[in-house]
Amino acid sequence: MNLTPEQQLAVDLEGTNIIVSAGAGSGKTAVLSERVIRKLKMGTDIRDILMLTFTNEAAGEMADRIRKKIKKAGLNKQLEYLDQAYITTFDAFALNLVKKYHYVLNISKNISVIDASIIDLKRKEFLEEIFISLYEEKDANFLKLIDDFTTRDDEVIKEVILNINKELDLKYDKDEYLDNYISKYYSNEFIDLVFNEYFNYIKCLCDELENLFFSIEPFMDSTSYEKIYHEVSKFFRPNNYNDLYKYRNLNTIRFTKLDPDGIKIKENIQETLKEILDKISYSEEELKEYYLSTKNYVIAIIKIIKLLDKKLFYYKKCHNAYEFSDIAKMAIKIVSENEEIRLELKNKFNEIMIDEYQDTNDLQETFISYLENDNVYMVGDIKQSIYRFRNANPMIFKEKYDKYSNYNGGRKIDLMINEQIRDREVRVVSE
C-alpha cells in the first residue's frame, strides 16, 4: 500500500499525543488499521491498545477490520487475543470499569443502564411535583420567574429547565458548580469582567468603523468627508464606555457626493455604526443593574434543578439503573479518586485510540484526561460531527487541534486525499 508522507507519519509517529484531522477520502480507516498492525508487529499486545468509538456498529466494524488485517499479517497469537481486546464504545468501557470497581463506589456490581424513555418521563413527572410544591409554598423567586416569563401556562419554563439540566449533566462537578454559581457569577468582580469584555467588543467595532471611514475618503469630496468625519470620529478609539454612551443619540449620517465605487463601503459604515449605537443604548449602571436583576431567576432555577436531581438520584439508586452520563461520572470518580486504579490503567494501555474524535463530549474528554500518558491517538473531522444531539462537543477537537498545531501537548497531522486508499476502502465497504 502506497501511503502519502502524512499518512505514513500518522502510522509511525510515537511518543506523544496525536490528533489526526482526516476528511472524507483521506484514508483514515486504512491508516488506523495500518497503525495497529505496525504496533502488533513490533511486539505490542492487542489487549494493550484501547480503541474507542461511539456506536456498537462502529466498534464492530473496527474489530472486523483489525481481524482481517491480523489474519493477512499472519499474527496468529494476536488473532487469539482479539476477542479480549478493548475495541468498544466509550459508554461500554465506562460501564465495564464501574462494574469491575463497583466496590470503591459502594454500589452493586449489577448496575444497569436505564431506559432513556423511562427516565425522561420520570424527569417530567418529578418536575411537575416540584412545581406544584413551589406553588403551594409561594416561593417568591419561583413565582417571579413564572410571572415574568410565562403567559398562559408554565410548560415553556419546564422545557427550558429540562434543557438547562441536560447541559449541566455533562459537568462532572455539577453540584459544586451550582453551589458556587451565585457567589461566582454575581460577584462585583465578575460583573466588571463581563462589562469590560462587552466594552472591548464595542471597541473592536469602533476600530472597524475607523478603518472603514478612512477607506471611503477617496470616494468623497473633501468638504462632505470632513463634515461626516466630525460626527463619526466621536466613536474612534474610546477610552471608556462613557466616551461612547454620551453620543448614543447621534443623528443619522448622510453621505453626499459619493462616488458609486464607495457605496459598498458606505453600507458597511452604516451597519457598523448602527451596531455600535444599538450596544450603547443603556448606561453602564443600567446594564449592570439589568444583569443583577436576573439573580432571583437563577436562584429559582438552581433550586428546581437541585430538587430534581435529588429525586432522580433516589429513583436511580432504588432501581440500580443509571444514565450513561451518570456512569461516565462514576468512571471519572473511580480514576480521579483512586490513584492505584488510575495508575494501573495508565500503565496498562500502550495507546488509547479514539475514532471520530469530533463526537467526543465533555465527560468523555475528562475521563480520558485521567488515563492519558502521552499516548492518546485521536482521529476525526470537525466538519463531520453528527452526534451533537447526544451532547457531542466538536470544540474539543478544534481546541486540541489548535494546541497541537503549536506543539503544545502533542502533534497534529492533516491527512490529504489518497486516491489509492480511498478506492480500496470503497471496495472493502462494497464487499
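Determine whether region 106-121 contains at least one residue that is more than 30 Å from Leu95 (Cβ to Cβ) and either in contact (Cβ under 8 Å) with a residue 40 or more places away in the chain or open to solvent by less than 80 Å² (accessible area, probe 1.4 Å) (or both). Show your work before the answer.
Taking region 106-121 and keeping what is more than 30 Å from Leu95 (Cβ to Cβ), we get none.
Scanning region 106-121 turns up no residue that is more than 30 Å from Leu95 (Cβ to Cβ) and either in contact (Cβ under 8 Å) with a residue 40 or more places away in the chain or open to solvent by less than 80 Å² (accessible area, probe 1.4 Å) (or both).
Would you say Asp381 is at pLDDT below 95 and surrounded by 16 or more Cβ atoms within 10 Å (Cβ to Cβ)?
Details: at pLDDT below 95: yes; surrounded by 16 or more Cβ atoms within 10 Å (Cβ to Cβ): yes.
So Asp381 fits the description; yes.
Give me a count of the residues in region 254-267 that are under 41 Å from the mean Cα position of the chain (by Cα) and either among the charged types (D, E, K, R) or open to solvent by 50 Å² or more (accessible area, probe 1.4 Å) (or both).
4
For region 362-378, what are the residues that are open to solvent by 20 Å² or more (accessible area, probe 1.4 Å), under 16 Å from Thr89 (Cα atoms) and in contact with a Lys or Arg (Cβ under 8 Å, 6 or more places away or on another chain)?
Matches in region 362-378: Asp362 only.
Kindly indicate whether any position in region 37-56 is in a helix (DSSP H, G or I), under 28 Å from the mean Cα position of the chain (by Cα) and not aromatic (Phe, Trp, Tyr).
Scanning region 37-56, I find at least one residue that is in a helix (DSSP H, G or I), under 28 Å from the mean Cα position of the chain (by Cα) and not aromatic (Phe, Trp, Tyr), so the answer is yes.
Please list, ordered by residue number, the helices (runs of 4 or more DSSP H) wholly in region 253-337 having 3 or more residues that are hydroxyl-bearing (Ser, Thr, Tyr).
The helices (runs of 4 or more DSSP H) meeting that bar are 295-319.
Can you find a residue in region 403-417 that is charged (D, E, K, R), open to solvent by 90 Å² or more (accessible area, probe 1.4 Å) and modelled with pLDDT of 95 or more? Lay out the reasoning, then the answer.
Applying the first criterion (charged (D, E, K, R)) to region 403-417 yields 403, 411-412, 414.
Filter once more, keeping what is open to solvent by 90 Å² or more (accessible area, probe 1.4 Å): 403.
Restricting the remaining residues to those that are modelled with pLDDT of 95 or more gives 403.
Yes, that holds for at least one residue.
Quick one: in region 180-213, which of the residues that are polar (S, T, N, Q) and under 28 Å from Tyr229 (Cα atoms) is most open to solvent (accessible area, probe 1.4 Å)?
Here the answer is Asn211.
If you scan region 181-238, which residues turn out to be out of contact with any Leu (no Cβ under 9 Å at 6 or more places or on another chain) and of a type in the set (Phe, Trp, Tyr)?
Tyr181, Tyr185, Phe190, Tyr201, Phe213, Phe214, Tyr225, Tyr229
I'm checking my understanding of the structure. Among residues of region 70-87 that are in a helix (DSSP H, G or I) and under 34 Å from the mean Cα position of the chain (by Cα), which one is nearest to Val31 (Cα to Cα)?
If we take residues in region 70-87 being in a helix (DSSP H, G or I) and under 34 Å from the mean Cα position of the chain (by Cα), then Leu82 is nearest to Val31 (Cα to Cα).
Only residues that are in a loop (DSSP other than H, G, I, E, B) and closer than 17 Å to Asp278 by Cα: list them for region 237-252, please.
Of the residues in region 237-252, the ones in a loop (DSSP other than H, G, I, E, B) are 237-240, 246-252.
Passing the criteria: Pro238, Asn240, Lys246, Tyr247, Arg248, Asn249, Leu250, Asn251, Thr252.
Quick check on my filter: what residues within region 170-197 are outside any helix (DSSP H, G or I) and under 20 Å from the mean Cα position of the chain (by Cα)?
Selection gives Leu170, Lys171, Tyr172, Asp173.
Restricting attention to region 37-87, which residues are in contact (Cβ under 8 Å) with a residue 12 or more places away in the chain, open to solvent by 50 Å² or more (accessible area, probe 1.4 Å) and among the polar types (S, T, N, Q)?
Passing the criteria: Asn56, Gln84.
Consider region 13-36. How many of its residues are surrounded by fewer than 23 Cβ atoms within 10 Å (Cβ to Cβ) and in a loop (DSSP other than H, G, I, E, B)?
Counting residues in region 13-36 that are surrounded by fewer than 23 Cβ atoms within 10 Å (Cβ to Cβ) and in a loop (DSSP other than H, G, I, E, B) gives 8.
Scan region 276-294 residue by residue and report those that are of a type outside the set (Ser, Thr, Tyr) and either open to solvent by less than 60 Å² (accessible area, probe 1.4 Å) or at pLDDT below 95 (or both).
Just the residues of region 276-294 that are of a type outside the set (Ser, Thr, Tyr), to begin with: 276-280, 284-289, 292.
Matches in region 276-294: Ile276, Leu277, Lys279, Ile280, Glu284, Leu287, Lys288.
Which one of the conditions (1) part of a loop (DSSP other than H, G, I, E, B); (2) modelled with pLDDT under 95; (3) surrounded by fewer than 17 Cβ atoms within 10 Å (Cβ to Cβ) does Glu231 fail to meet, given that it meets all the rest?
So Glu231 meets the others, but not (1).
For region 333-350, does any single residue satisfy the condition of being open to solvent by less than 30 Å² (accessible area, probe 1.4 Å), over 24 Å from Ile111 (Cα atoms) and either in contact with a helix residue (DSSP H, G or I) (Cβ under 7 Å, 6 or more places away or on another chain) or of a type in the set (Val, Ile, Thr) (or both)?
Yes, region 333-350 contains at least one residue that is open to solvent by less than 30 Å² (accessible area, probe 1.4 Å), over 24 Å from Ile111 (Cα atoms) and either in contact with a helix residue (DSSP H, G or I) (Cβ under 7 Å, 6 or more places away or on another chain) or of a type in the set (Val, Ile, Thr) (or both).
The values are calculated or read from the model by the stated rules, or taken from the named source; none is laboratory data. For clarity, every value in this text was computed on a predicted model and none was experimentally measured. Neighbour counts are summed over all protein chains in view; Cβ atoms, including those assigned to glycine, are modelled from backbone coordinates with ideal geometry. The protein model used for the area step is the full one, side chains on, heavy atoms only, and it has no ligands, DNA or RNA in it. Shrake-Rupley method; radii C 1.70, N 1.55, O 1.52, S 1.80 Å.
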